[in-house]
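The values are calculated or read from the model by the stated rules, or taken from the named source; none is laboratory data. This is a predicted model, so every value here is computed, not measured. Ligands, DNA and RNA are stripped out before the accessible areas are found, and what is left, the full protein with its side chains, is counted by its heavy atoms. Shrake-Rupley method; radii C 1.70, N 1.55, O 1.52, S 1.80 Å.
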Amino acid sequence: MDRDDWEERVAALWADDLGDEDRIERARVLADDAPHAALGAFELGGALDSAGQEAAAEAQYAAATAAGLARIDPARAAQLAVQHASTLRNLGRTEEAIAMLRAAQPHPGTGAAPAVFLALALHSAGRSAEALRVAIEAIEPTLPRYRRSVRAYAAALTDDDALAEDATPSVSVQGSSGSTWARSTGPTTSGA
């Protein structure tokens, strides 16, 4: 089977409204027919993962990595980093998940998902301030305004010195007369 035909079957696997067991069985057949072992292991891992079979999914994800998924299909490798790390977190292997997500390479196919899943893993590890910072920093580039303030506040969650007096963020505000003025948005260290 050529790769295009196989990819069509993969798309159908995820488009169909299948039960978990049917999806897993179809994924096993796809894994056997895959043009590369890494591709098959990734798709089977995803089917197992979506069915809540994390331990079996983790084995497939590890096999996909070992078989060179990053070299064969960078887009799937980006998805693998998120899915595998999420599975590790669900298995209680939170520190491994955090390390995997911190090492995840940016890819347009996953967008901010690695940061979102990193925030979840950090929260699971009891590092809530760090988790919130990661989540805020993932959102900050999408904000039309207040980006500098948001960056400073996010940094302050894990760095007590981030909002020192000379680093206090300000926000430009346009008044009703059309004039623009700045006001401080952060705490001050002086009595002002």
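Computed with a 1.4 Å probe on the full set of protein chains, the accessible area for Arg3 sits at about 90 Å². Based on alpha-carbon centroids, what's the gap between the stretch 20-86 and the stretch 113-151 in Å, whole number please? Spelled out, the Cα-based centre of one part sits 28 Å from the other.
Considering all C-alpha pairs of the stretch 1-104, those separated by over 19 Å amount to 39%.
In the context of the full set of protein chains, the stretch 1-125 has a per residue accessible area of 49 Å² (1.4 Å probe). How would you classify the stretch 117-160 from its alpha-carbon gyration tensor, with a ≥ b ≥ c the square roots of the eigenvalues: rounded for a/c under 1.5, else prolate if a/b is greater than b/c, otherwise oblate? Oblate, since a/c reaches 1.5 and b/c is not below a/b.
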